[in-house]
Amino acid sequence: MPRVQEYLPEQDAQGPVGQTSPMLEQVGMFGRGMEEAGRDITDAGNIIHQRQTQAETSDAYASVAEQRANMMMRVQQETADGTLDTAKVKQDYQDWVEKQYDTYNTTGGKDAFTRASARAGGSLLQTAGRGQAIIAGNRAKDNLSSLSNVNSNLAEKDPSQFADLHEAQTEAIQAQVDAGALTQPEAEQLKKGMGIELAKGTVRGYMQ
């Protein structure tokens, strides 16, 4: 009867005692490779984020500079037209800032935009405030010019009213100074000019 031969695991497959098996070495190498790959991915991500921050920071300052120039031109034009509304300018600029802020994704970009827009906004409002004062001053001068014509005609018709009319128009001029529409030097010049016109009307009245 033939004998069945038994096959036992060969002892040589285990390798020498104290050495790492080839399988464990491969696993270790794979783990180290994954760790290095993870570091490379992290480094790449940091570089991409840094580049994005740099781009957004540059865009933020450029965008604010362009909007500032546009708004300044608007303020100058509306000042010349006498239609400037400082509150409207402020609201329109704030609306733009809030909308533009949402276009930035990085903290650096948002911070740069916040700083730049705040500085530009402060300068814009100062310019608008000066424009509003110029408009008020021009309006005051126009009104005082009309007042001077009226008073001069009244003095021509009734020269006896000279003193009262002179005092009234002087008071009207000073009121514009107190309101901030006129400077004191402007007021002094107007007092002199309007006084002369009033005197001319009075002389014409006496001559008639």
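Could you rank Lys110, Lys88, Lys157 by how accessible they are, 1.4 Å probe, largest area first? Each step should come with its number before you reach the end.
On the way: Lys110 45, Lys88 100, Lys157 175 Å².
Accessible-area ranking of Lys110, Lys88, Lys157, largest first: Lys157, Lys88, Lys110.
Test of understanding: what is the full-extension gain from Glu197 to Thr107, defined as 0.36 nm times their sequence separation minus their Cα-Cα distance?
On the way: separation 90, 0.36 × 90 = 32.40 nm, distance 6.53 nm.
Value of the extension gain: 25.9 nm.
Treat the stretch 50-91 as a sphere of radius equal to its Kirkwood radius over Cα pairs and apply Stokes-Einstein at 4 °C in a medium of 1.567 mPa s; give the translational diffusion coefficient in µm²/s, rounded to a whole number. Each step should come with its number before you reach the end.
On the way: Rh = 11.9 Å.
Using the Kirkwood radius from Cα pairs, D works out to 109 µm²/s.
How large is the Kirkwood hydrodynamic radius of the stretch 107-168, counting all unique pairs of alpha carbons, in Å? Please report the intermediate quantities before stating the final value.
Working: mean 1/r = 0.0646 Å⁻¹.
Taking every pair of different Cα atoms in the stretch 107-168, averaging 1/r and inverting gives 15.5 Å.
Can you pull the percent of the stretch 136-208's accessible area that's carbon plus sulfur, 1.4 Å probe, other chains left in place? Before the final figure, lay out each step's value.
Working: 2370 of 4470 Å².
That fraction is 53 percent.
Taking Lys200 as the anchor, which lysines have their alpha carbon closer than 25 Å to its alpha carbon, excluding any fewer than eight residues away along the same chain?
Output for Lys200: Lys141, Lys157, Lys191, Lys192.
The values are calculated or read from the model by the stated rules, or taken from the named source; none is laboratory data. Worth saying up front: this structure is predicted, and the values here are computed from it rather than measured. What goes into the accessible areas is simple: the full protein's heavy atoms, side chains included, and nothing from ligands, DNA or RNA. Shrake-Rupley method; radii C 1.70, N 1.55, O 1.52, S 1.80 Å.
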